[in-house]
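The values are calculated or read from the model by the stated rules, or taken from the named source; none is laboratory data. Bear in mind the structure is a predicted one, so any value in this text is a computation, not a measurement. Here the Cβ is made from the backbone with ideal geometry for all residues, glycine too, and neighbour counts use every protein chain on show.
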Amino acid sequence: MSNDITIGNAFHKVGEVAHVNEYCTQDNKPIEDDIKTRIAYIIISNEDIKELIASTDDKQTILNETKNRYSSYLVKAVEQEIKENNKVLTYDKLKGVTEQIVDKKLITLCTVKLYNCKSYGSVLKAKKYHHAYKKVLNDNLKENLDKKSTSFLTFTKNSCQEILKQEESKNLKINKDRQPYIIISMPYVYNIKENSKEKELEEICYEDKIIASYLPEVIV
């Protein structure tokens, strides 16, 4: 089933999928919750896929092609967020959740809650992702003696469908046949520029940590 076909650390349980990332300081230490620690994500519909790929049913190929097509949208959305209205974003103006439109696609950019734990396995067990812990997670990620700062962003079909509805309303184009199909996310952080009196921000996008997954299927 497509549940276990992912790019990056995405994990499923019944009706839900989580995108999991680790954050740390420059000297590899855990960090505290901070509004500057963020994720950008985009919901890809079945209709988007039809326009992109018309000749294959292979789940891995579809996921790879979709990630390749839309990853740049996430980077562009962060660039738009930090320079909205041609002004560099400052710390006091940074919001917990914002939205950007890139080529008629809605990208959500949000602060993520961090959990200080010893491993991905610790978080998956705490969140009751039992199938993912037992069957999907690599053994070397189940236990670790060093604490990590881990984000755990979850999606459901309903939450993704709502984003597609918002996207349609902004584009003034309604398509009742559109259904959420794939989620792509990218972690990024803001740092305050050195010696900036206004606390201007500069971004770091972790394009090598982009995650792509299908919407949840029923796990048997």
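THR56 satisfies every condition listed in (1) free of Cβ contacts under 8 Å to residues at least 40 places away in the same chain; (2) farther than 20 Å from CYS160 by Cα; (3) among the β-branched types (Val, Ile, Thr); (4) touching a strand residue (DSSP E or B) at 6+ places or on another chain (Cβ under 6 Å) except (4). In region 17-36, the residue that is nearest to the chain's Cα centre (by Cα) out of those that are at pLDDT below 95 and not in a loop (DSSP other than H, G, I, E, B) is ASN21.
Taking region 59-77 as the search range and keeping residues that are aliphatic (A, V, I, L, M) and touching a strand residue (DSSP E or B) at 6+ places or on another chain (Cβ under 7 Å), which one is surrounded by the fewest Cβ atoms within 10 Å (Cβ to Cβ)?
VAL75
Restricting attention to region 70-111, which residues are of a type in the set (A, V, I, L, M, F, W, C) and modelled with pLDDT under 95? Of everything in region 70-111, just one residue is of a type in the set (A, V, I, L, M, F, W, C) and modelled with pLDDT under 95, namely VAL88. There is at least one residue in region 136-157 that is of a type in the set (S, T, N, Q), over 20 Å from THR25 (Cβ atoms) and touching a strand residue (DSSP E or B) at 6+ places or on another chain (Cβ under 8 Å).
Could you look through region 197-220, keep only residues that are in a loop (DSSP other than H, G, I, E, B), at pLDDT 95 or above and not charged (D, E, K, R), and pick out the one that is nearest to ARG69 (Cα to Cα)? So, considering only residues that are in a loop (DSSP other than H, G, I, E, B), at pLDDT 95 or above and not charged (D, E, K, R), the one nearest to ARG69 (Cα to Cα) is ILE210. Does LYS176 meet the test of being free of Cβ contacts under 8 Å to residues at least 40 places away in the same chain and part of a loop (DSSP other than H, G, I, E, B)? Against the criterion (free of Cβ contacts under 8 Å to residues at least 40 places away in the same chain and part of a loop (DSSP other than H, G, I, E, B)), LYS176 qualifies.
For region 49-69, which residues satisfy the criterion of being of a type in the set (Lys, Arg) and at pLDDT below 95?
Result: LYS50, LYS59.
Among the residues of region 83-98, the ones that are within 19 Å of the chain's Cα centre (by Cα) and either aromatic (Phe, Trp, Tyr) or surrounded by 17 or more Cβ atoms within 10 Å (Cβ to Cβ) (or both) come to 2 in all. Can you find even one residue in region 107-123 that is loosely packed, with under 12 Cβ neighbours inside 10 Å and within 23 Å of GLU207 (Cβ to Cβ)? Yes, region 107-123 contains at least one residue that is loosely packed, with under 12 Cβ neighbours inside 10 Å and within 23 Å of GLU207 (Cβ to Cβ).
Tell me, which residue of region 1-16 that is among the hydrophobic types (A, V, I, L, M, F, W, C) and outside any loop (DSSP other than H, G, I, E, B) is surrounded by the most Cβ atoms within 10 Å (Cβ to Cβ)? Residue satisfying both the conditions and the ranking: PHE11.
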